[in-house]
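Undergrad: Once you've had a glance at the structure underneath, I'll fire off some questions.
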Amino acid sequence: MSPLFPREEFAGRVAKARAAMAEAGAELLLVDHAEFLAWLTGYTVSETMYRAAFLPREGEPWFVLRELDAGPCRDACWFADVVGFPDTAEPHEVMAQEIRRRGFAGAATGADHASYGFTAATRDRFAALLPEARFIDLPHASDLLRAVKSPAEIALLAEAAGIADKAMAAIAAKARPGLSPRAAAAIAAACFLENGADTGETGPILPGVGDHEFLHGVMTGEPLAGGDILHVELIPKVRNHGARLMRPVLIGGDRRGLAPLAERLVALQERQFAAMRPGALACDVDAILREAVLAAGLRPSYDNVTGYMLGLYARTPRTSDFSRVFLPNACWRLEEGMVFHMYVSAGGLGFSETVVVEADGGRRLTAMPRKLLVAGPG
């Protein structure tokens, strides 16, 4: 497997990382956050055993990980310096030896102290092995340096979005009374794998009940009846780049008269997308949807986010990237090339899109019709 992006793309990423290092006064950067590893080096792997890459202010980086993973790492990385260790070794000790051997034993070493890899135990272990080193926090660098996506990254996200569209259409085409959420998930999983997604993991697929309570509910095998709503969230990834899409699928006829609510939610969200321009304050973009939903009485309260960052997803403790979210107190500004999962829900209906920020506003990468999807006959 060759590197996913051209060397020039990685050169730009290294330049951004080194600018953050220079601002913090770091001579060496320790990278152990799974998505940051993929972004900076081209390779990522689970933390079954501790692994990390190291970027000096000058010169090429190096990667230290299990020998079992060293071959795939060498194939995927844009640089050649990969150090593998046997499973009998202690990873931090091997890394400390490499740091000393390369002349960085006393270096000011930058690390994202919010990285789930850089635990208190990891920090203390390195401090014991490298007593002359000084660790400097680069707050949330693992997420924030990756916030703006390149055209090549957006192309991968668009590919994943296309798979989500196909899988949603496949579920809608086959949904009938008696279909269970689990059976619908099987349809989506097969479609994912047939169309090139990394895995068959689907996202929550379950009955749509409540304003937001159903979004993270538990999948069941219980059959749906006529008039029920099947809430479908799809999260396909292509080369670790994940898009997301949510739709309500109506089973049978619209006995509860949900179509007007669906149209209202979609129209309000369209206004929000139009405001997603570079320089816009996230709280202002959030208010366009949140305040309108509350003012119209579509929900009695609205406490969850209306969107969050999308991009790389690796084997990490989190399934969503909340480094940038849309809330009333979100004071950060949108930048061209950022990509978000924007969603709205009420009355058992949930709609979402994968949206990229462009000069004229948010552009959908997902293309599924924005309506209540009607399944089998009532």
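Undergrad: Could you pull out every one of the lysines with an alpha carbon less than 22 Å from that of K237, ignoring same-chain neighbours closer than 8 positions?
TA: Qualifying lysines at Cα under 22 Å: K149, K166.
Undergrad: Would you mind estimating how fast the range 20-114 diffuses translationally, via Stokes-Einstein at 37 °C and 0.692 mPa s with the Kirkwood radius over Cα pairs, in µm²/s?
TA: 244 µm²/s
Undergrad: Follow-up. Suppose every K and R has +1 on its Cβ and every D and E has -1 on its Cβ; what is the size of the dipole of the chain about the Cα centre, in Debye to the nearest 20?
TA: Magnitude of the dipole: close to 760 debye.
Undergrad: With all protein chains present, calculate the accessible area of R333 using a 1.4 Å probe and round the result to the nearest 10 Å².
TA: Probe radius 1.4 Å; accessible area of R333 about 130 Å².
Undergrad: Another question, if that's okay. Mind putting a number on the dipole of the range 34-188 about its Cα centre? Charges go on the C-beta only, +1 for Lys and Arg and -1 for Asp and Glu, and I need it in Debye to the nearest 20.
TA: My answer is approximately 520 debye.
Undergrad: When ligands, DNA and RNA are left out and all protein chains stay put, how many square angstrom of accessible area per residue does the range 171-218 have with a 1.4 Å probe?
TA: 47 Å²
Undergrad: Still on this structure, I have one more. May I ask you to order 155-164, 176-185 by the average number of other C-beta atoms within 10 Å around their residues, highest value first?
TA: Listed from highest to lowest mean packing, they are 155-164, 176-185.
Undergrad: Okay, moving on. At a 1.4 Å probe radius, which order do F79, F322 fall into by accessible area, largest first?
TA: Final ranking, largest accessible area leading: F322, F79.
Undergrad: Applying a 10 Å radius around every beta-carbon, put 341-353, 129-141 in order of their mean neighbour count, most first.
TA: Ranked from most to least packed, the peptides come out as 341-353, 129-141.
Undergrad: Can I ask one more? At 1.4 Å probe size, with the rest of the protein present, what percent of the exposed accessible area of the range 260-315 is carbon and sulfur atoms?
TA: After summing per-atom areas, the C and S share lands at 53 percent.
Undergrad: As an exercise, take the mean of 1/r over every pair of distinct alpha carbons in the range 51-159, invert it, and state the Kirkwood radius in angstroms.
TA: Result for the range 51-159, one decimal place: 15.5 Å.
Undergrad: For an R0 of 22 angstrom, estimate the FRET efficiency from the Cβ-Cβ distance between A359 and N329 and round to the nearest 0.05.
TA: Once rounded, the FRET efficiency stands at 0.25.
Undergrad: May I ask you to compute the full-extension gain from R102 to V218, defined as 0.36 nm times their residue separation minus their alpha-carbon distance, rounded to one decimal in nm?
TA: 36.8 nm
Undergrad: Still on this structure: For the chain, build the charge dipole from Cβ charges (+1 Lys, Arg; -1 Asp, Glu) around the Cα centre, then report which of I99, A111, L157 sits farthest towards its positive end.
TA: Checking the options against the dipole of the chain, the answer is L157.
The values are calculated or read from the model by the stated rules, or taken from the named source; none is laboratory data. Only a predicted model underlies this, so the values are computations on that prediction, with no experimental measurement involved. All Cβ positions, glycine included, derive from the backbone under ideal geometry; neighbour counts span all protein chains shown. To get the accessible areas, we keep the full protein, side chains included, count just its heavy atoms, and leave off ligands, DNA and RNA. Shrake-Rupley method; radii C 1.70, N 1.55, O 1.52, S 1.80 Å.
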